[in-house]
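Asker: Below you will find the structure I want to go over with you.
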Amino acid sequence: MSGTTVNRTGLLAPRLLVLPGVYQPQADTRLLADALAGEDLHPTTEVLDIGTGTGAVALGAARRGAQVTAVDVSRRAVATTRLNALRHHLPLTVLHGDFTTRTRGRRFDLVLANPPYVPSPHTRLPTNGPARAWDAGPDGRLVIDRICASAPALLRPGGVLLMVHSAMCGPENTLKRLAQEGLAGETTLGARVSWGPVLHSRRAWLQERGLSEAGEEQEELVVIRARAL
């Protein structure tokens, strides 16, 4: 993996409200916010934030003047994002539901995504509960692959996708999938973070799958930047 390790934390909105069951901004959120900081945004820039959670990154884009649409499958996440937008006096369009359904027929200049990416023993995505924010099938790619396949329809020519996920999910596979869809991609940022409770609870299973080494305690996160040609 090429790229720069970043540890900045000042690019997210302060004093975010987080309703119970909503994914709290963590290292992956901060990494995506850092990647967003490197993009040019203007009042005419249309941004889509997939899996917005608390709206942390969407609010960062709105604060810089972009026109932002945020979408999440969680009703609690949608309510949280709307409350945070009101609290920070920032205009956001917040939608509940599947990102492909709620954005059908629309194209954007920039798509942001912090999708579920934690490998899970379950073959299907959870339909309720907080695990919807992280569980993503045996290889962690159930949502990542959907975003790769949908990117050409979501992006205007020259538009950019920024997507963060774990190195466990195979960033090289993401780049290949995006290339097959006609996008030129690269890994731009990376960070190593300590394992949380979910990965610790799956240590034996992850080792059986060849997704981690014995005694491993850190996870590598990456940001993929892809441009529609």
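The values are calculated or read from the model by the stated rules, or taken from the named source; none is laboratory data. Just so it is clear, the model here is predicted, and its values are computed rather than measured. All Cβ positions, even for glycine, are placed from backbone atoms using ideal geometry, and neighbour counts span all protein chains on display.
Asker: How many of the residues in the stretch 213-224 are in contact with a helix residue (DSSP H, G or I) (Cβ under 7 Å, 6 or more places away or on another chain) and modelled with pLDDT of 95 or more?
Answerer: 6
Asker: Name the residue that is farthest from Leu110 (Cα to Cα), counting only residues in the stretch 28-74 that are in contact with a helix residue (DSSP H, G or I) (Cβ under 8 Å, 6 or more places away or on another chain) and acidic (Asp, Glu).
Answerer: Once the filter is applied, the top-ranked residue is Asp72.
Asker: Just give me the residues in the stretch 179-209 being assigned to a loop (DSSP other than H, G, I, E, B), loosely packed, with under 14 Cβ neighbours inside 10 Å and at pLDDT 95 or above, in sequence order.
Answerer: Matches in the stretch 179-209: Gly182 only.
Asker: Checking Met163 against (1) touching a strand residue (DSSP E or B) at 6+ places or on another chain (Cβ under 7 Å); (2) surrounded by fewer than 18 Cβ atoms within 10 Å (Cβ to Cβ), which single condition isn't satisfied?
Answerer: Met163 satisfies every listed condition except (2).
Asker: Ok, one more. Identify, please: which residue in the stretch 112-152 is of a type in the set (S, T, N, Q) and more than 20 Å from Ala27 (Cβ to Cβ) and is, among those, surrounded by the most Cβ atoms within 10 Å (Cβ to Cβ)?
Answerer: Out of the qualifying residues, it is Ser150.
Asker: Here's a follow-up. State all residues of the stretch 25-57 that are surrounded by fewer than 24 Cβ atoms within 10 Å (Cβ to Cβ), of a type in the set (Ser, Thr, Tyr) and either modelled with pLDDT under 95 or under 10 Å from the mean Cα position of the chain (by Cα) (or both); if no residue qualifies, say none.
Answerer: Thr29
Asker: Sticking with this structure for a sec: For the stretch 82-132, which positions are under 17 Å from Ile50 (Cα atoms) and small (Gly, Ala, Ser)?
Answerer: Correct list: Ala85, Gly97, Gly105, Ala113, Ala131.
Asker: Name, by its number, the condition in (1) without any contact (Cβ under 8 Å) to a residue 40 or more places away in the chain; (2) outside any helix (DSSP H, G or I) that does not hold for Ala62.
Answerer: Just one mismatch for Ala62, condition (2).
Asker: Condition first: outside any helix (DSSP H, G or I) and surrounded by fewer than 16 Cβ atoms within 10 Å (Cβ to Cβ). Now tell me which residues in the stretch 74-92 satisfy that.
Answerer: Selection gives His89, Pro91.
Asker: Moving on to the next point. Among (1) aliphatic (A, V, I, L, M); (2) in contact (Cβ under 8 Å) with a residue 24 or more places away in the chain; (3) in contact with a helix residue (DSSP H, G or I) (Cβ under 9 Å, 6 or more places away or on another chain), which single condition is Ala167 missing?
Answerer: Here Ala167 meets the rest and fails (3).
Asker: In the stretch 89-124, which residues are under 30 Å from Ala204 (Cα atoms), of a type outside the set (Phe, Trp, Tyr) and under 16 Å from the mean Cα position of the chain (by Cα)?
Answerer: Ala113, Asn114, Pro115, Pro116, Val118, Pro119
Asker: Next up: What number of residues in the stretch 101-131 are under 22 Å from Ala151 (Cβ atoms), touching a helix residue (DSSP H, G or I) at 6+ places or on another chain (Cβ under 9 Å) and in a helix (DSSP H, G or I)?
Answerer: 0
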